[in-house]
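To start, the structure under review is shown below, and the notes come after it.
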Amino acid sequence: MSLGRLLVTRGTQAADKQDVGVFVVGVQPHELGCALDRRYGLASPEQCERGLVENRARHSGDVPTLALEPQLEPGARPEGETVEELVAEAGEGNRLQTDDLGALIDAQVKDIPDHWLFLPIKPGNVEIASFLGLFETTQDLPAPIYASTTLNSWLSQADGDASGLWFQSLAADLFLPGSFVWGEYAAVGRIDAQAADQYFSAFHTDANLGYAATKFTWGGGGLAHAWPATPVENEYDQVPRSDVETLLIGGELDFTTPPQIAAKELLPYLPNGHQVVLPGYGHSTSFWEDQAGAGTRLVTTFLNTGRVDQSGYRPRSFDFTPELRQPSLAKGMAGTMVGLAVLTVLSLLWMPLRLRRRKRFGGKTSALLRSVYPVVLGLGGWFAGILLVITAMPGTPLDDTLLAILSVGVPVGLGLYWAWLDRGLPASTKLEGFALGVGGALVGAWLGFHAGTDLLALITSIVGAIAGGNLGLVLLDVARGRGAAEASDAYMEVPGGAGGLAGGVSAGR
């Protein structure tokens, strides 16, 4: 469910605070409550959620709901300024090497390569990642997946460099599976099921970013029939008229819910409605993060007085020259993955060869190999597993539990075992050490994987594998030391002198 444009309603009586609400089209109440609490400090998340439920119950006929997301309209292009005109206004420093950016992307979408070097590219992943990447114009995001970096990847592809598209393909595999709470979108989005059903019945093409994203979120249209209908579904077929004072806030460069669509499909049903289009802004994160104080003034002034106050905003232009570029990140990531994977394999081959020439590793070297270097082995093992999966088993999820446990636990466990091993030990002790080192690392990786989420799970898996493998080997050393001590005590306690043997003849006889 996409985060839509901001919709602010004042209610029929401005003084009645119970009739004041802030709605984000397409956002669940719990998300909205958290957003309000974080950005405006109006109430706790629980209070916001409860207030929204009560407000909707009282004014279900007054609050307009957009039943059809703009991305469901095949072939629609917003009217107004074109991207090329915006580029021309941005200045020479932001010039693009194309006269028609839209046409260039349309042509490239129809012919997405299936490989960059030996690394496979999934065209569907690229289309979805690009659609999501074009949402926001702000560069203050935790990941370099926003409009300028996305466009840069397509421009690089036009020049024959598909590395940025591989980055998008890999990012989609890593992050999309965990971006939804299963059933959440189906339950909330079911209200648009009739529109989605009509859309997929009439429109059949894959060469379109909007269609690819809609197909992804609706399961190719199957979701419209796979979830139970809501009791009020038919009430939202049409946008109801509302006399409530309403402020629609949208970004000029919002790729998923363009302000032109709001003006065409929603504003005519709001006689007391006002629309604000923020130049240079994208989707909702751009509104929350860029010039947040101006956004606070815009919303609170409208709620308190009904006036539209944009005076807090400073002019903002779109930057087509991001500091971080996906093609550069892709090359660095691919090099790191391959390099650490090769280093891990070579390390696990070198350690036993080293032990063939010497009895064991020295104390300091062993300590280093059992504490710090396993981090390298864990990362390299995981990268090796990822490379194996994306090239030979593309249907395997990158966050698969077995993949993480084996790719991290096995190299860490083997590294710990070789660092611990003394060639002078009995064969049975060596076998016990191997079982406890590798087995402890696998158990630790499993526990660590389930202790974190997303990429944090990789870190906790590595930490868990190191702790589990070392714990197993330490327990074995303790047991061996205790056994040796008990044998020595038995030898010393034999009557007849220090040289006596338990149950046998003294050494002096």
* **Boolean, residue 280 is surrounded by 15 or more Cβ atoms within 10 Å (Cβ to Cβ), in contact with a Lys or Arg (Cβ under 8 Å, 6 or more places away or on another chain) and in a helix (DSSP H, G or I)** => no
* Scan of region 446-468 for residues that are touching a residue at least 60 places away in the same chain (Cβ under 8 Å) and surrounded by 24 or more Cβ atoms within 10 Å (Cβ to Cβ), ordered by number -> 461, 462, 465, 466
* To do: Could you tell me whether any residue of region 215-235 is at pLDDT 75 or above, of a type in the set (S, T, N, Q) and not in a helix (DSSP H, G or I)?
  => no
* Is it the case that residue 86 is assigned to a helix (DSSP H, G or I), modelled with pLDDT under 80 and crowded, with 17+ Cβ neighbours inside 10 Å? -> yes
* Structure fact -> Per the filter on region 399-428, residues of a type in the set (Gly, Ala, Ser), open to solvent by 20 Å² or more (accessible area, probe 1.4 Å) and assigned to a helix (DSSP H, G or I) are 427, 428
* Structure fact -> Considering residues that are free of Cβ contacts under 8 Å to residues at least 40 places away in the same chain, of a type outside the set (Gly, Ala, Ser) and under 20 Å from residue 458 (Cα atoms), the number found within region 354-392 is 5
* Tell me which of these residue 187 doesn't satisfy, since it passes every other one: (1) in contact with a helix residue (DSSP H, G or I) (Cβ under 8 Å, 6 or more places away or on another chain); (2) small (Gly, Ala, Ser); (3) at pLDDT below 80. => (1)
* Unique residue being part of a helix (DSSP H, G or I), within 30 Å of residue 115 (Cβ to Cβ) and touching an Asp or Glu at 6+ places or on another chain (Cβ under 8 Å) when the list is 386, 390 -> 390
* To do: Kindly provide the set of residues from region 453-479 that are under 20 Å from residue 433 (Cα atoms) and among the small types (Gly, Ala, Ser), ordered by number.
  => 464, 465, 467, 468, 469, 472, 479
* Structure fact -> Of the conditions (1) small (Gly, Ala, Ser); (2) at pLDDT 90 or above; (3) in contact with a helix residue (DSSP H, G or I) (Cβ under 7 Å, 6 or more places away or on another chain); (4) under 30 Å from residue 120 (Cα atoms), the single one that residue 392 does not satisfy is (3)
* Mind checking whether some residue in region 448-465 is at pLDDT below 90, part of a helix (DSSP H, G or I) and among the polar types (S, T, N, Q)? -> no
* Asked: Quick check: is even one residue across region 366-380 under 24 Å from the mean Cα position of the chain (by Cα) and either among the charged types (D, E, K, R) or not in a helix (DSSP H, G or I) (or both)?
  -> no
* Please name all residue pairs, on different chains or six or more residues apart, with Cβ atoms under 8 Å, provided the first residue is in region 292-307 and is closer than 16 Å to residue 273 by Cβ and the second residue is in a helix (DSSP H, G or I) and not aromatic (Phe, Trp, Tyr). => 307/301
* To do: Answer yes if at least one residue in region 118-138 is over 25 Å from residue 222 (Cα atoms), modelled with pLDDT of 90 or more, over 23 Å from the mean Cα position of the chain (by Cα) and surrounded by 15 or more Cβ atoms within 10 Å (Cβ to Cβ), and no otherwise.
  => no
* The lone exception for residue 314 - which of (1) within 30 Å of residue 281 (Cβ to Cβ); (2) surrounded by 15 or more Cβ atoms within 10 Å (Cβ to Cβ) it fails -> (2)
* Check on residue 334, touching a strand residue (DSSP E or B) at 6+ places or on another chain (Cβ under 8 Å) and under 30 Å from residue 126 (Cα atoms) -> yes
* Asked: Residues in region 317-351 that are open to solvent by less than 20 Å² (accessible area, probe 1.4 Å) and without any contact (Cβ under 8 Å) to a residue 40 or more places away in the chain: how many?
  -> 0
* Exactly one of (1) open to solvent by 30 Å² or more (accessible area, probe 1.4 Å); (2) touching a residue at least 24 places away in the same chain (Cβ under 8 Å); (3) more than 20 Å from residue 257 (Cα to Cα) is unmet by residue 275. Its number? -> (3)
* **Where residue 310 falls short, out of the listed (1) in a helix (DSSP H, G or I); (2) more than 23 Å from residue 133 (Cα to Cα)** => (1)
* Structure fact -> Within region 420-434, residues being modelled with pLDDT of 90 or more and touching a helix residue (DSSP H, G or I) at 6+ places or on another chain (Cβ under 8 Å) number 7
* Check region 244-255 and report whether any residue there is in a loop (DSSP other than H, G, I, E, B), of a type in the set (S, T, N, Q), modelled with pLDDT of 80 or more and under 27 Å from residue 301 (Cα atoms). => no
* Residue match in region 90-108 (condition: open to solvent by less than 30 Å² (accessible area, probe 1.4 Å), of a type outside the set (Ser, Thr, Tyr) and at pLDDT 75 or above) -> yes
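The values are calculated or read from the model by the stated rules, or taken from the named source; none is laboratory data. Keep in mind that what you see is a predicted model, and the values were worked out from it rather than measured. As a convention, Cβ positions derive from the backbone with ideal geometry for all residues, glycine included, and neighbour counts pool all protein chains shown. Side chains are part of the model used for accessible areas, which takes the heavy atoms of the whole protein and leaves out ligands, DNA and RNA. Shrake-Rupley method; radii C 1.70, N 1.55, O 1.52, S 1.80 Å.
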